[in-house]
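**Q** After the structure tokens below, expect a handful of questions from me.
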Ligand SMILES: NC(=O)c1ccc[n+]([C@@H]2O[C@H](COP(=O)([O-])OP(=O)(O)OC[C@H]3O[C@@H](n4cnc5c(N)ncnc54)[C@H](OP(=O)(O)O)[C@@H]3O)[C@@H](O)[C@H]2O)c1
């Protein structure tokens with residue numbers, strides 16, 4: 001038997017239950033889990049699943065780390081047997097918030113000795129997204145970028161990669177506390193979206209720096225004004241919905257007159273398109289970065305039976321660092 005986290009009822013609390021340890025099928029592996037973060041995408045998945053799937057079988061948790069202890073049939077599962085891996089779950093049939101998880105061997109990537117289990121548990125979702133953003137920036141020859149929700153773990157990775165690659169990053173945060181946080185870690189361009197002159201400041205700075213791509217995970221009602229302030233020909237990449245707004249209004253005239261392009265980004269889709277080899281290469285790069293500059297701040301660690309407390313702690317101050325479930 002194993003312990004795992006479940007949602008007791010739609011809109012209810014996370015609870016720990018004992019269930020049978022799953023058995024890997026062909027192409028799959030069984031992982032003894034070590035750590036898994038609480039990410040915004042986990043909370044979105046919990047909300048969506050509560051609305052439409054079978055809660056009796058749904059275990060939350062998209063990414064994590066652990067050791068492969070049983071291999072199903074196939075070359076890749078056998079290759080990973082005994083290895084410490086970063087892994088992602090196979091929704092909705094598995095989740096990382098459990099003592100054991102079965103997933104496809106293709107969802108596992110061996111961790112280098114330089115990365116511990118905790119950092120390794122966060123090495124897929126955000127670091128790979130940050131790398132993908134810089135691929136997009138280079139493919140389209142953008143000279144500078146705008147990074148919304150810049151105090152997030154991913155936002156800080158974008159800032160760090162911008163510095164490394166000498167691409168100016170305009171960081172948008174939502175309060176003075178986050179401004180100080182970023183100032184103290186050496187960010188040059190920081191704009192507070194709650195300040196009176198925010199839109200005017202953004203317009204001026206984005207034109208001065210030729211920042212023609214906005215990465216936005218907030219998607220608030222302010223987006224309309226933000227887009228209006230961007231240089232002509234800019235691209236807007238929507239990759240999150242932290243505001244929780246279901247619909248926002250965008251002025252069509254601004255899109256037409258300023259030749260603005262809006263598109264969505266989802267790492268899962270990009271990873272599928274990349275294929276195993278490219279993903280392995282990106283993971284190697286992530287390993288290199290995480291063993292030097294790209295350390296993710298950890299704010300708290302909780303056992304599985306305190307998963308609800310882990311989520312509540314995380315939600316009080318998301319910028320303070322990641323909250324991990326440890327097994
Ligand atoms: N599309 C994809 O493939 C993909 C991949 C990776 C990540 N993401 C998205 O990237 C975003 C960041 O993830 P993360 O793990 O880096 O987050 P994180 O470290 O947990 O931090 C979340 C940040 O967002 C801020 N925030 C929360 N609600 C906000 C709002 N309504 N307006 C402005 N800021 C708000 C928080 O500020 P406070 O501290 O003030 O709460 C915090 O700074 C999430 O939306 C996530 O879903 C998407």
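A short reminder: the numbers here are calculations on the coordinates, not readings from a lab. Nothing here was measured: the structure is a model prediction, and the numbers come from that model. Because the Cβ atoms are built from the backbone with ideal geometry, glycine has one as well, and the counts that use them run over all protein chains shown.
**Q** Quickly estimate the mean residue ellipticity at 222 nm for the chain, helices only: each DSSP H run with n ≥ 4 gives -39500 (n - 2.57), and the total goes over all residues, rounded to 500.
**A** -11000 deg cm²/dmol
**Q** Stretched out fully, how many nm does the piece from residue 113 to residue 266 gain, at 0.36 nm a residue minus the Cα gap?
**A** Details: separation 153, 0.36 × 153 = 55.08 nm, distance 2.90 nm.
Working it through step by step, the gained length comes to 52.2 nm.
**Q** Over all distinct alpha-carbon pairs, what is the Kirkwood Rh of region 125-267 in angstrom? Each step should come with its number before you reach the end.
**A** On the way: mean 1/r = 0.0668 Å⁻¹.
Result for region 125-267 stands at 15.0 Å.
**Q** Still on this structure, please answer the following. What FRET efficiency comes out for residue 196 versus residue 20 if R0 is 56 angstrom and r is the Cβ-Cβ distance? Round to the nearest 0.05.
**A** After rounding to 0.05, the efficiency reads 0.45.
**Q** Enter the angle in degrees (range 0 to 90, nearest 10) between the Cα long axis of helix 125-139 and the first principal axis of the Cα atoms of the chain, meaning the one along which they spread out most.
**A** Tilt of helix 125-139: around 40 degrees.
**Q** If r is the Cβ-Cβ distance from residue 278 to residue 138 and R0 is 25 Å, what FRET efficiency results, to the nearest 0.05?
**A** With R0 = 25 Å, the Cβ-Cβ based efficiency is 0.95.
**Q** With angles folded into 0 to 90 degrees, how steeply does helix 198-209 sit against the dominant principal axis of the chain? Use alpha carbons for both and round to 10.
**A** 90 degrees
**Q** Specify the angular offset, from 0 to 90 degrees and rounded to the nearest 10, of the alpha carbon long axis of helix 267-290 from the longest principal axis of the alpha carbons in the chain.
**A** So the inclination is approximately 90 degrees.
**Q** Antiparallel versus total DSSP beta bridges in region 125-267: what percent is that, nearest 5?
**A** If we restrict to bridges inside region 125-267, about 0 percent are antiparallel.
**Q** With the Cα gyration tensor of region 184-327 giving a ≥ b ≥ c as the square roots of its eigenvalues, does the rule (a/c under 1.5 for rounded; else a/b larger than b/c for prolate; else oblate) give rounded, prolate or oblate?
**A** Prolate is the answer for region 184-327, as a/c is 1.5 or above and a/b outweighs b/c.
**Q** What does the C-alpha gyration tensor say about the overall shape of region 1-142? Classify as rounded when a/c is under 1.5, otherwise prolate if a/b is larger than b/c, or oblate.
**A** Oblate shape, in that a/c is at least 1.5 and b/c is the bigger or equal ratio.
**Q** Of the residues 268, 66, 203, which exhibits the maximal mean-square fluctuation in a Gaussian network model of the chain defined by a 10 Å Cα contact cut-off?
**A** So, out of 268, 66, 203, the one fluctuating most is 268.
**Q** Moving on to the next point. Please state the shape class of the chain: rounded when a/c is under 1.5, otherwise prolate if a/b exceeds b/c and oblate if not, all from the C-alpha gyration tensor.
**A** On the way: a/c = 1.94, a/b = 1.65, b/c = 1.17.
Note, shape of the chain comes out prolate.
**Q** Taking only Cα atoms and a 10 Å spring cutoff, compute GNM fluctuations for the chain and point out the largest among 29, 19, 169.
**A** 19
**Q** For a quick check, take a GNM of the chain with Cα springs below 10 Å and name the residue from 100, 266, 91 with the largest mean-square fluctuation.
**A** Fluctuation is largest for 266.
**Q** How much of the DSSP bridge set in the chain is antiparallel, in percent, rounded to the nearest 5?
**A** Here the share of antiparallel DSSP bridges comes out near 55 percent.
**Q** Same structure again: Starting from the Cα of residue 317, step 7 Å along the direction of its Cβ; do the same at residue 56; then give the gap between the two resulting points in nm.
**A** Rounded to a tenth, the inter-label distance reads 4.2 nm.
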